[in-house]
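J.: Below: one structure in structure tokens.
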Amino acid sequence: MASGNEEQKIESGSNVVPQTKPKKDWILLSLRVVTFFATVSATIVMSLNKQTKNFVVATIGTTPITVPLTAKFQHTPAFVYFVVANGIVSVHNLVMIAMDILGHKFHNRGLQLALIAVLDTMALALASSGDGAATAMAELGRNVMSINKLLKLNRN
């Protein structure tokens with residue numbers, strides 16, 4: 001009787017074909033969508049950002065004369081690189097989302113997985129270098145006044 005039950009389990013188990021995607025695929029797709037929205041939002045915010053600050057250039061009597069200075073991302077090559085790098089990574093994420101949704105139609109699964117791994121690594125390196133360049137310039141811009149004060153103290 002035991003062998004008869006085993007045969008029934010094997011026969012019934014061999015006819016069952018799962019129709020749904022594994023949970024891992026949905027998690028990867030949702031991470032790609034979150035990454036896409038993060039890179040697109042960073043690109044949009046940085047490209048539309050404009051900051052204006054008024055500087056006092058002279059004082060006549062008690063009236064200060066101010067000059068507005070506007071800063072845009074185009075004024076610094078590191079910020080331009082940040083916007084371009086995030087734009088490229090956004091397009092990469094959009095293509096990978098399309099490949100994840102339509103990837104079941106391709107039969108070269110081994111080649112596809114290797115290509116995705118290489119392209120993801122390149123996108124990670126591109127995004128990291130853009131973020132590092134923008135962070136370095138932002139830190140330099142934030143601390144330039146304290147650096148100037150330090151240099152003036154060393155001269156005296």
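The values are calculated or read from the model by the stated rules, or taken from the named source; none is laboratory data. Quantities reported herein were computed from a predicted structural model and do not represent experimental measurements. Reconstructed Cβ throughout: ideal geometry from the backbone, glycine too, with neighbour counts over all protein chains shown. Quick note on the areas: whole protein, heavy atoms, side chains included, nothing else; ligands and nucleic acids left out. Shrake-Rupley method; radii C 1.70, N 1.55, O 1.52, S 1.80 Å.
J.: Looking at this structure, is Thr135 polar (S, T, N, Q) and either loosely packed, with under 11 Cβ neighbours inside 10 Å or in contact with a strand residue (DSSP E or B) (Cβ under 9 Å, 6 or more places away or on another chain) (or both)?
T.: no
J.: Let me ask you something else. Just to be sure, is Leu111 over 24 Å from the mean Cα position of the chain (by Cα) and at pLDDT below 90?
T.: Taking the combined requirement at face value, the residue satisfies it.
J.: Now for a separate question. Is it true that Asn148 is modelled with pLDDT under 85 and open to solvent by 90 Å² or more (accessible area, probe 1.4 Å)?
T.: The answer is no for Asn148.
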